[in-house]
Amino acid sequence: MAASQLQNPLKTPSSQLSIKKHKPCFLKPRRLTVSAAHPHLNGRKLRVAVIGGGPAGSSAAEALASGGIETFLFERSPSTAKPCGGAIPLCMVDEFSIPHHLIDRHVTKMKIISPSNLAVDFGSKSLRAHESIPMLRREVLDAFLRNRAESAGAQLIPSLVTHLEIPSSSLSPCIIHHTGNNSRKTLAVDVIVGADGANSKVAKFIKAGNYTCAIAFQERIRLPDEKMEYYQNLAEMYVGNDVSPDFYAWVFPKCDHVAVGTGTVCGKQDIKMYQQGIKQRVKNKIKGGKVIKVEAHPIPEHPRPVRVRGRVALVGDAAGYVTKCSGEGIYFAAKSGRMCGEGIVRASEGGEWMISEDDLKREYLMEWDKKYVSTFRFLDLLQRVFYGSNEAREALVEVCGSEYVQRMTFDSYLYKKLAKGDRWEDLKMVFATFGSLMRCKIVGRDMAAFNL
């Protein structure tokens with residue numbers, strides 16, 4: 001629609017000014033929107049391109065297509081997947097209707113092992129009978145979510161996005177340049193959702209700012225049957241300067257192998273040394289195993305300074321939605337994609353109206369921050385407190401021996417909300433944490449003096 005045809009609410013008599021109500025989509029309250037700011041798309045639907053076909057992009061595409069939006073899902077390499085530990089919270093299985101046959105393992109036991117190899121069982125007593133931590137392979141999950149987005153009506157384009165033309169006008173289209181099957185093509189859309197990971201091209205084109213990235217490195221190792229039996233429903237986390245200076249290392253069970261890996265921010269140049277550190281720690285448990293795949297990938301450490309600009313929104317790793325302390329990203333990727341898609345559907349009334357930057361900020365970004373910003377800040381604080389030194393890591397493992405701490409941790413992780421605890425127990429936990437930190441620092445100084 002030409003700009004001259006639009007109604008100006010400042011010049012149009014109130015008797016002629018058309019006001020439209022948003023339909024109640026996804027159980028959200030009705031809103032009033034002036035059509036001058038949201039021109040009607042006569043004869044067509046809103047066109048949205050989602051760039052990146054992981055959990056974030058596929059969940060966004062499914063929500064958009066299900067809501068009546070003309071949706072294009074770009075994925076340059078549908079047969080590959082991001083290296084990932086593969087743990088998802090229990091609530092995600094029902095919330096995202098994940099079929100149980102996609103889950104490789106239901107972890108009901110965890111061990112967290114300190115720098116001095118003190119091991120604490122985490123979950124054997126504190127998990128309820130119906131609870132577990134589902135483990136799956138990203139290549140399996142990603143393919144399922146992409147197929148479901150296609151079934152909802154999204155058009156999958158197996159192509160590499162090479163350039164974006166971001167318009168300055170509120171009505172001009174965004175132009176996507178992409179390469180596939182040895183040919184160059186362009187596509188004009190109204191809105192772009194960037195779900196293309198930590199090294200997001202979309203973020204660069206909208207000048208979304210930089211963020212600190214960690215690197216995750218893991219090896220998939222196929223173990224002899226008797227060794228694999230040990231990890232049947234067990235996951236292990238290791239902390240210590242030998243495996244990571246600022247994160248943790250892991251052994252996570254998969255369908256017929258284990259993922260052994262580590263991550264770091266400040267020691268990225270030494271990542272292979274830390275990988276050897278975790279393999280040394282578990283050498284007896286993985287003896288006789290065969291490495292079948294080696295993977296590495298950047299992981300964002302905090303949200304980007306800009307996550308919405310113009311008619312472009314970032315979700316998942318591209319937006320920086322990976323939690324500190326746990327390094328979890330799958331759930332928050334899928335959730336942010338879905339929330340962004342649903343927000344676009346609401347703002348456009350099922351694809352009937354053009355949307356703006358303000359719509360994306362109101363319907364997606366503000367809702368996301370309201371729901372999750374406190375969780376991200378809390379986990380950032382925990383990482384700062386417990387991952388800075390071996391003494392602090394010893395204290396972390398000691399604190400994790402408390403069943404109350406374990407129950408609060410699982411309630412927060414499995415159901416994705418900060419658990420509400422007992423005030424008296426919370427107070428005791430705070431004092432116990434301070435006590436552990438002080439005691440372990442004293443022990444650490446004594447050990448350092450002894451080593452000298």
Taking the options Ser168, Ser97, Ser124, name whichever one is of a type in the set (Gly, Ala, Ser), open to solvent by 10 Å² or more (accessible area, probe 1.4 Å) and out of contact with any Lys or Arg (no Cβ under 9 Å at 6 or more places or on another chain). Ser168
Within region 343-398, the residues that are assigned to a helix (DSSP H, G or I), among the small types (Gly, Ala, Ser) and either at pLDDT 90 or above or not assigned by the TED database to the domain that holds Ala333 (or both) are Gly343, Ala347, Ser348, Ala392, Ala395
Checking Asp380 against (1) more than 21 Å from Gly263 (Cβ to Cβ); (2) within 24 Å of the chain's Cα centre (by Cα); (3) among the acidic types (Asp, Glu), which test does it fail? (1)
Identify the single condition in (1) more than 26 Å from Val405 (Cβ to Cβ); (2) without any contact (Cβ under 8 Å) to a residue 40 or more places away in the chain; (3) among the charged types (D, E, K, R) that Arg137 does not satisfy, given that it satisfies every other one. (2)
Among what's in region 393-419 and is open to solvent by less than 40 Å² (accessible area, probe 1.4 Å) and among the polar types (S, T, N, Q), pick the residue that is farthest from Val243 (Cα to Cα). Ser412
Of all strands (runs of 3 or more DSSP E) fully inside region 141-254, the set with 1 or more residues that are out of contact with any helix residue (DSSP H, G or I) (no Cβ under 7 Å at 6 or more places or on another chain) and under 30 Å from Lys287 (Cα atoms) is 213-222, 234-238, 249-253
Can you tell me how many residues in region 343-368 are surrounded by 20 or more Cβ atoms within 10 Å (Cβ to Cβ), of a type in the set (A, V, I, L, M) and within 18 Å of the chain's Cα centre (by Cα)? 1
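Filter region 198-208 down to the residues that are over 22 Å from Ala249 (Cα atoms) and open to solvent by less than 30 Å² (accessible area, probe 1.4 Å) and list them by number.
In the first step, residues of region 198-208 are kept if they are over 22 Å from Ala249 (Cα atoms); the result is 199-208.
Answer for region 198-208, where residues must be over 22 Å from Ala249 (Cα atoms) and open to solvent by less than 30 Å² (accessible area, probe 1.4 Å): Ser200, Val202, Ala203, Ile206, Ala208.
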Residues in region 295-342 that are under 13 Å from Glu367 (Cβ atoms), open to solvent by less than 30 Å² (accessible area, probe 1.4 Å) and not in a helix (DSSP H, G or I): how many? 3
Residues being open to solvent by less than 70 Å² (accessible area, probe 1.4 Å) and within 26 Å of the chain's Cα centre (by Cα) - total across region 100-121: 10
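From the list Val282, Val291, pick out the single residue that is under 28 Å from Glu131 (Cα atoms) and touching a strand residue (DSSP E or B) at 6+ places or on another chain (Cβ under 7 Å).
Val282
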Would you point out which residue out of Thr80, Thr12 is closer than 29 Å to Arg137 by Cβ, at pLDDT below 95 and either not assigned by the TED database to the domain that holds Ala313 or not basic (Lys, Arg) (or both)? Thr80
I'd like the residue in region 269-294 that is exposed (fewer than 11 other Cβ atoms within 10 Å of the Cβ) and touching a residue at least 40 places away in the same chain (Cβ under 8 Å) and, out of all such residues, is farthest from Ala119 (Cα to Cα). Gly288
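The values are calculated or read from the model by the stated rules, or taken from the named source; none is laboratory data. For clarity, every value in this text was computed on a predicted model and none was experimentally measured. Glycine gets a Cβ as well: all are built from the backbone with ideal geometry, and neighbour counts include every protein chain shown. For the accessible areas, the whole protein counts, side chains as well, though only heavy atoms, and no ligand, DNA or RNA atoms are used. Shrake-Rupley method; radii C 1.70, N 1.55, O 1.52, S 1.80 Å.
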